[in-house]
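Peer 1: Just dropping this structure here.
The values are calculated or read from the model by the stated rules, or taken from the named source; none is laboratory data. Predicted model only: the values in this text are computed from it and were never measured. FYI the Cβ positions are ideal-geometry reconstructions off the backbone, even for glycines, and counts take in every protein chain you see.
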Amino acid sequence: MISFHNISAVAKYESRLLGRGWFFKIFTLLSILPLGITSLSFLNSFRPWILVAIPANIPYFNMLLINVGQAIIAIFLASEFIKRDTKLDTSEVFFVKPMSNTEYVIGKTWGSLRMFISLNFAALLIAFIFNSLIDYVWIDWGAYLFYFMAISIPTLVFVIGLSYFLMILLKNQAVVFALLLAYIAITLFYIGDSVYYLFDYMGFNLPLMKSDIVGHVNLIPIILHRSIYLFLGIAFIAMTIYKLPRLANNKNNTKYVLITAILFFLGAGVLVLHHISSFYMKSNARENFLAINNKYSGYAKIAPDSCFINLNQMPRSIEAEMVFNGKTLEGAKEYVFSLNPGLTVNSVTSKSHKISFIRDNQVILVAFDKELKRGENVDLKFNYKGNIDQNYCYLDVSDKDLAKTNSVMLFNIEKSYAFITPKYLLLTPETAWYPKQGVSYSPENPTWSQSHFTKYRLEVTALDSLVAVSQGKDTIIDGKYIFEPDRQLMNISLAIGDYEKFTMKIDTIDYSMWMIKNHDYFTQTLDSLKDTLSVVIPDIKGNIERSRNLTYPFNRFGLVEVPANFETYPRLWTKAQESVQPELVFVCERAYDIGRADIHENLRWMREYNKNGWLGRDHTDFELQLNVLRNLIYYFNDDNGEYKWSMKAGGSGTLEVIPNKYKIYPQLFNFRVNLFSSELAFANRLLEQYVDPDKSSRWMRNINGITVEEKANLLFKESSFRDLMYSDNKELTNAIVTLKSAELFMPGELKIGRDEFRDSVFSYINRNSFQNIDFERMMLHFEDITDWDFKEDYSMWLDSVYCPGYEISEPIVSYFNNGDEDVYETVFKIHNVSDIFGMLRIEVREQQNQTTNDYFYVDAGNMVERVIITNTQPVSFEITTNISTNIPSTLSFRAGNVTTVVDREPKVADTYNVNNLETKGVIIVDNEDPGFSISESEPIGLLATWILKEDDGTGLDFVGYNIWRPPLKWSKTTAPRYYGRNVRSVHFLKSGKGNAWAQWNIPIEEEGQYDLYYWVAGYDEVRWMRWKQAKYQFFVNAFGEEPDEYTLNLRRNDQGWALLGTFYAGKGDFTVKLTNNTKLNAVEADAVKLVKR
Amino acid sequence: MSIIIKGLNKIYPNGNHALKDVNLEIPPGMFGLLGPNGAGKSTFIRILVALMEPSSGSINMYGYDILKEREQVRKIMGYLPQDFRFFAPYKTYEFLDYAAMLSGINSRRERKERVDEMLRSVGLYEVRDRYANKLSGGMKRRLGIAQALIHNPKVIVVDEPTTGLDPEERIRFRNLLTKAAGNNVSIILSTHIVGDISSSCNNMTLLNKGQISFVGAPEELIKKAEGKVWRAIVPDEIFQQINEEYPVITTIPVANGWEIQVVSETPPCEGAELFAPNLEHAYVYFIDSKFDLWRKG
């Protein structure tokens, strides 16, 4: 029998020892103090909105932080216990006491645990105090217990057990400590959430955030995951008992201890297998769903005219009936529908007659008795019930993206796409909660994407007193909600929750907000605005409509609060995410993911700024509140949400722009335009991108070394659009579609002018709103109005592999006084260096903010002069090379000096063939040319090499430029300021003592006197760090003898060619070598030029 | 009741045969375990206190088999190890309280009374709140014996308890042990200091090279050395010669050379006279290797 007295005796004195140790005292101080200070500072300055928006996050935050610290300290302290027992002879007197080994080790473990537990309680107390001091945040007591149990306890038991066991095994505290620290570092910084969080013993990456609406959506996997480490910890502790260097009281006990250890190891193993297999099963299920979609995508479909759904909410399921009316799109006996595989179809009837059907996972294959004709009217009634299988959602999203943790700061959020709980329900179209014609995503057949505007009607019986929210006019009859959208929709969604509704009718639109009861945190804060909303909201609406050139087409607009776990993904074929639906936007719990939604904090700071006079003039509180509200509302018009930065070892990093999932643009465009192509699942997207192109974030070049558009461009060198359409890299695919969209419509712009063509596109959209449009028919319409042969270009655009490239000279601007009017002639020399023709656009920015767009073709291999004539002085030019090998793909030029010309007439605006771009006697060797070479890089550490091998899959070798941490090996980056014929790149390297070099070999064919120039790029580091000496060391060899040393002071030279010296050079190679011997952080190797005198 | 040891052997993994067929019965009272360094005393003690397993043999301790009933054995045993200097940061009182708790004194009140009583009896009550590490060497030993006695054990094993203590502390310590032995308790005192045995043990054994050389009362051991101890006054040259051949127990410089006491079967030199042996002489007679060789040779 185990004696609890002995255990508590050992524990009592073990914890006393721990408490007396300096190590623990310092750790306590270092962990509790910063937590206290952080909490205090959050009370008084900007704090993460997510922390207070969801109350459970307050204990979550503190537990996460303290857990990392205690995981490290526990290793040391636990291994110390074994060391102490072997080191101190006085320990032997306890070893001869009658306690069992089990009691002793458990006592020690409990002693350590309870000290850490008291530390955890202190952290939770701090959380509680912080929690109590914020008046619009309540205390989620359950979360305090949950995070303590889920994060701290398994971590401690595992770490203590592992440390004990390793110490018993290795008998060397330093080795154990080093091993375990390395293990922690690897799991924390490298493995992270890989292998489905399997190695995340601290729960640092595990999605543990608790929604206030639905709690934890996937509690069982979390409990099982934490049990893995709890079991392993117990197993290691049992192994420690087994291996303890003290004779056991009873040999049989030792056997039992070993059996216990084995059982817990086995238990952990079973849980690991279960954990991994559950993810594999998900993946397999998705593969299966995709295969089924592919299999049935070619089956006949019925285009819906109306769908009437009657749904009963059950505690953990739904029961529903859908009456479907439509017309067959082709003659057949069997027609395909799809419905979430978690929902069971009880019956399919037509005019009270049972219709046979085959259910194959998500597919319902309705088999009529006889073959129906094309266009025949069909009535069907589906009766079904069940739950939602979320594996069916987002079949277009890669497993990798699905598995990626949704993290905001330290908070990890379990993703969920549907909710059916006794207190809450959310069903969006992605869940396929009602039968739909055809199949969902199928990469093998673009026809899956065909949608139809349909008349919907939804009747809902909600549980208890819950409130149902959907599209359309809502009425409640006998407790039943009836929704009747007055527009035809492509889909309908439903939310049921304990909502309270805030509503206001302004003009013809009902503006509503459904918040979960007690979640309102803003009405009191923005109390001054209540009476002015009727003016403010239409004003904002008008601004958004004008900026988008489209009107809001619905009679209702609503924001609906949904659980924090509700996750959506950007799609390849639309900018709309599931969070935005016709008339409704599903906003996650208290808008935790929108910083601007922290009304209190933002208003507090506004008041602070106003008090300090930083807002220009004194604002009234009303104005300040208005600013805060406007700022929040305009977020719904922003294209981009957050930026995600990830750091690679060695200092380089990548930045990803996350599209704003709440952007309401789809309500202006996507839910009114339904473009369909039998060849392109992206048809709607192409038009959407043309109407509302994604903004290129060129500054991202500084971080990524190249823009995503340029990456996409370069892919066209080897693949056609059709090949690249379904890339796993969503950001890249998006860029590909954007480029192809611009290219598709550019001939139209060329034919009738950019503004005119765009106007005709918007006019077409307005005329065809809420209608199903055929893509080919639309393009033929534009063909008619622009006299452009769309069909001829289309097949090349879709299937050919081509990617032109251009060398473009600096512009020469001349002024002519032509009697009454001023004439400015701008000449660009352009060489199409590829074997395919290409189209370019030059945007000329003139004085008084006027812009002119000039479009033209350059044939393969041609060198041309493009002449642009304007009547006002051009200020700058932007040349868009579209799909091309040019990096940057869009080049900016300043107009520079304007020469007044009197001896000739200005040329006529057109394209003229020329013979060459460069002046005779000028030889330029760029870092992209074959004459350029670099020294071998010195080997870097194995670990760094291993970690640095990350690849984005594009095979492009450009890196971002961080002047604080330049690369240790020669690397390439791009920027407009660098010299380049069609790729403006530079090689750069961390500075050194001259041990690395870059060399240009310039072939000299004609002996003579030459001026040698080096391209100075206007280096950031030179500009920003004025105190630094900015000199480059060159060795020039003109005759193949000993090279001469030259120094170039970068500060004395502006961007452009800087003279290095004059040399007499004979025939053969003239070499210029640049070393890394500079005081700057990095050295850049770009281009050299020889000009014959 | 007593401790019965039969056929005890211990062979270490490196082949060192530390104990060779030890057979012994230890009655209640003070029992001395005498032997030179490396004789196997510590191995014997560690086996006796269940810190080590023998290779073969058995020990029955007051009716309990030490190999099979360790828990019972540990309940009736107190142990003071040889080195008792380095402590975890416990206070004197806490150390005893911890030992008392682990010895099965569950009642807090009883434990407090017992700890206070022990502290008083070993003269540490005044320093009960001092960290054990801060106690003097003698105090540490007293604390050691206090923890060994805290639960009134039947068997107390003390390993080299007086090493390094000053005479006053040594006497104090011996008295503590003697007092404890009065209560029908077996106290096994392992030492290489003959004086500790002679002044406190009624029974003893001599352990040499892992084997029992002698078992009995110290007087019996002394008796066995009668006629084997010689005293002589010798010049320097003779002294050197004797010192090489025989174990010389004492050497006192005198006017014309050295007064020496020698253990020998025969007179070691001319003019040597028999001398009444004490325990030390007897111990040397039994243990000294030179003598052993000489004796065998």
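Peer 1: May I ask you to verify whether A:Ile37 is within 28 Å of A:Ile213 (Cα to Cα) and either away from chain B (no Cβ under 14 Å) or at pLDDT 90 or above (or both)?
Peer 2: Here the answer is no, as A:Ile37 does not meet what is asked.
Peer 1: Continuing with the same structure: In contact with a Gly (Cβ under 9 Å, 6 or more places away or on another chain), within 13 Å of chain A (Cβ to nearest Cβ) and at pLDDT 90 or above: is that true of B:Ser107 in this structure?
Peer 2: no
Peer 1: Related question: Give region A:622-638 a look and list any residue that's farther than 18 Å from A:Tyr521 by Cα, touching a residue at least 60 places away in the same chain (Cβ under 8 Å) and surrounded by fewer than 16 Cβ atoms within 10 Å (Cβ to Cβ), or say none.
Peer 2: Within region A:622-638, just A:Tyr634 meets the criteria.
Peer 1: Considering region B:63-84 alone, what residues qualify as being more than 7 Å from chain A (Cβ to nearest Cβ) and either more than 30 Å from B:Gly138 (Cα to Cα) or of a type in the set (Lys, Arg) (or both)?
Peer 2: Selection gives B:Gly63, B:Tyr64, B:Asp65, B:Ile66, B:Leu67, B:Lys68, B:Glu69, B:Gln72.
Peer 1: So for region A:119-127 (the condition being crowded, with 20+ Cβ neighbours inside 10 Å, over 23 Å from B:Asp83 (Cβ atoms) and within 11 Å of another protein chain (Cβ to nearest Cβ)), does at least one residue qualify?
Peer 2: no
Peer 1: Can you give me the number of residues within region A:1007-1036 that are β-branched (Val, Ile, Thr), at pLDDT 85 or above and within 44 Å of the chain's Cα centre (by Cα)?
Peer 2: Within region A:1007-1036, residues that are β-branched (Val, Ile, Thr), at pLDDT 85 or above and within 44 Å of the chain's Cα centre (by Cα) number 1.
Peer 1: Identify, from the list A:Ile66, A:Ile139, A:Ile129, the residue that is outside any helix (DSSP H, G or I) and out of contact with any His (no Cβ under 9 Å at 6 or more places or on another chain).
Peer 2: Testing whether each residue is outside any helix (DSSP H, G or I) and out of contact with any His (no Cβ under 9 Å at 6 or more places or on another chain) leaves just A:Ile139.
Peer 1: Which one of these is surrounded by 15 or more Cβ atoms within 10 Å (Cβ to Cβ) and without any contact (Cβ under 8 Å) to a residue 60 or more places away in the chain: B:Ile222, B:Ile187, B:Ile242?
Peer 2: After applying the criteria, what remains is B:Ile242.
Peer 1: Tell me whether region A:58-76 contains one or more residues that are closer than 21 Å to A:Tyr147 by Cα, in contact with a Lys or Arg (Cβ under 8 Å, 6 or more places away or on another chain) and more than 10 Å from chain B (Cβ to nearest Cβ).
Peer 2: Yes, region A:58-76 contains a residue that is closer than 21 Å to A:Tyr147 by Cα, in contact with a Lys or Arg (Cβ under 8 Å, 6 or more places away or on another chain) and more than 10 Å from chain B (Cβ to nearest Cβ).
Peer 1: Could you pull out the residue among B:Pro161, B:Pro153, B:Pro167 that is surrounded by fewer than 23 Cβ atoms within 10 Å (Cβ to Cβ) and closer than 18 Å to B:Leu48 by Cα?
Peer 2: So the residue among B:Pro161, B:Pro153, B:Pro167 that is surrounded by fewer than 23 Cβ atoms within 10 Å (Cβ to Cβ) and closer than 18 Å to B:Leu48 by Cα is B:Pro153.
Peer 1: Okay, moving on. Going by the structure shown, is B:Asn60 more than 12 Å from chain A (Cβ to nearest Cβ) and either assigned to a loop (DSSP other than H, G, I, E, B) or not hydrophobic (A, V, I, L, M, F, W, C) (or both)?
Peer 2: In short, yes.
Peer 1: Suppose the filter is more than 14 Å from chain B (Cβ to nearest Cβ), touching a residue at least 40 places away in the same chain (Cβ under 8 Å) and of a type outside the set (Gly, Ala, Ser); does A:Tyr104 pass it?
Peer 2: It is false that A:Tyr104 is more than 14 Å from chain B (Cβ to nearest Cβ), touching a residue at least 40 places away in the same chain (Cβ under 8 Å) and of a type outside the set (Gly, Ala, Ser).
Peer 1: If A:Phe337 passes every condition in (1) within 14 Å of chain B (Cβ to nearest Cβ); (2) under 41 Å from the mean Cα position of the chain (by Cα) but one, which one does it miss?
Peer 2: (1)
Peer 1: If A:Ile773 passes every condition in (1) surrounded by 19 or more Cβ atoms within 10 Å (Cβ to Cβ); (2) part of a helix (DSSP H, G or I) but one, which one does it miss?
Peer 2: Of (1) surrounded by 19 or more Cβ atoms within 10 Å (Cβ to Cβ); (2) part of a helix (DSSP H, G or I), only one is false for A:Ile773: (2).
Peer 1: Does region A:926-938 contain at least one residue that is within 29 Å of A:Val844 (Cα to Cα), surrounded by 17 or more Cβ atoms within 10 Å (Cβ to Cβ) and either at pLDDT 90 or above or touching a Cys at 6+ places or on another chain (Cβ under 8 Å) (or both)?
Peer 2: The answer is yes; a qualifying residue exists.
Peer 1: Also: Scan region A:1064-1090 for residues that are surrounded by fewer than 22 Cβ atoms within 10 Å (Cβ to Cβ) and of a type in the set (Phe, Trp, Tyr) and jot them down.
Peer 2: A:Tyr1064 - this is the single residue of region A:1064-1090 that is surrounded by fewer than 22 Cβ atoms within 10 Å (Cβ to Cβ) and of a type in the set (Phe, Trp, Tyr).
Peer 1: Of all residues in region A:551-575, which are modelled with pLDDT of 90 or more and either among the acidic types (Asp, Glu) or in a loop (DSSP other than H, G, I, E, B) (or both)?
Peer 2: Listed by number, the residues that qualify are A:Thr551, A:Tyr552, A:Pro553, A:Phe554, A:Asn555, A:Glu561, A:Pro563, A:Ala564, A:Asn565, A:Glu567, A:Thr568, A:Tyr569.
Peer 1: Filter region B:42-53 down to residues that are farther than 14 Å from B:Ile3 by Cβ and either facing chain A (nearest Cβ under 8 Å) or part of a loop (DSSP other than H, G, I, E, B) (or both), then give me how many there are.
Peer 2: Number satisfying all stated conditions: 3.
Peer 1: Being under 25 Å from the mean Cα position of the chain (by Cα) and surrounded by 22 or more Cβ atoms within 10 Å (Cβ to Cβ) is the filter here; which residues of region A:177-199 pass it?
Peer 2: A:Tyr197
Peer 1: Restricting attention to region B:110-148, report how many residues are within 24 Å of B:Leu165 (Cα to Cα), within 11 Å of another protein chain (Cβ to nearest Cβ) and either assigned to a helix (DSSP H, G or I) or under 27 Å from the mean Cα position of the chain (by Cα) (or both).
Peer 2: Within region B:110-148, residues that are within 24 Å of B:Leu165 (Cα to Cα), within 11 Å of another protein chain (Cβ to nearest Cβ) and either assigned to a helix (DSSP H, G or I) or under 27 Å from the mean Cα position of the chain (by Cα) (or both) number 9.
Peer 1: While we're looking at this one, here's another question. Would you check which residues across region B:225-239 are surrounded by fewer than 18 Cβ atoms within 10 Å (Cβ to Cβ) and in a helix (DSSP H, G or I) and list them?
Peer 2: Once the filter is applied, which keeps residues that are surrounded by fewer than 18 Cβ atoms within 10 Å (Cβ to Cβ) and in a helix (DSSP H, G or I), region B:225-239 yields B:Asp236, B:Glu237.
Peer 1: Looking at A:Tyr13, A:Tyr60, can you tell me which residue is surrounded by 18 or more Cβ atoms within 10 Å (Cβ to Cβ) and within 30 Å of B:Lys91 (Cα to Cα)?
Peer 2: Matching residue, one of A:Tyr13, A:Tyr60: A:Tyr13.
Peer 1: Looking only at region B:172-182, which residues are more than 14 Å from B:Phe31 (Cα to Cα) and surrounded by fewer than 13 Cβ atoms within 10 Å (Cβ to Cβ)?
Peer 2: Listed by number, the list holds a single entry, B:Asn175.
Peer 1: Can you tell me which residues in region A:575-599 are of a type in the set (Lys, Arg) and crowded, with 21+ Cβ neighbours inside 10 Å?
Peer 2: A:Lys575, A:Arg590
Peer 1: Looking for something crowded, with 24+ Cβ neighbours inside 10 Å, away from chain B (no Cβ under 14 Å), among the small types (Gly, Ala, Ser) and out of contact with any Lys or Arg (no Cβ under 6 Å at 6 or more places or on another chain) - is there at least one such residue anywhere in region A:141-153?
Peer 2: yes
Peer 1: Sticking with this one: Kindly provide the set of residues from region A:589-615 that are of a type in the set (Phe, Trp, Tyr) and either assigned to a helix (DSSP H, G or I) or out of contact with any helix residue (DSSP H, G or I) (no Cβ under 9 Å at 6 or more places or on another chain) (or both), ordered by number.
Peer 2: Hits for region A:589-615 are A:Trp605, A:Tyr609.
Peer 1: Please verify whether region B:25-41 includes one or more residues that are facing another protein chain (nearest Cβ under 8 Å), outside any strand (DSSP E or B) and either in contact with a Gly (Cβ under 6 Å, 6 or more places away or on another chain) or surrounded by 17 or more Cβ atoms within 10 Å (Cβ to Cβ) (or both).
Peer 2: Scanning region B:25-41 turns up no residue that is facing another protein chain (nearest Cβ under 8 Å), outside any strand (DSSP E or B) and either in contact with a Gly (Cβ under 6 Å, 6 or more places away or on another chain) or surrounded by 17 or more Cβ atoms within 10 Å (Cβ to Cβ) (or both).
Peer 1: Picking from A:Ser809, A:Ser800, which residue would you name as being in contact with a helix residue (DSSP H, G or I) (Cβ under 9 Å, 6 or more places away or on another chain), under 27 Å from A:Thr881 (Cβ atoms) and among the small types (Gly, Ala, Ser)?
Peer 2: So the residue among A:Ser809, A:Ser800 that is in contact with a helix residue (DSSP H, G or I) (Cβ under 9 Å, 6 or more places away or on another chain), under 27 Å from A:Thr881 (Cβ atoms) and among the small types (Gly, Ala, Ser) is A:Ser800.
Peer 1: OK, next. Look through region A:300-313, keep the residues that are surrounded by fewer than 19 Cβ atoms within 10 Å (Cβ to Cβ) and not small (Gly, Ala, Ser), and return whichever of them is nearest to A:Ile222 (Cα to Cα).
Peer 2: It comes out as A:Asn312.
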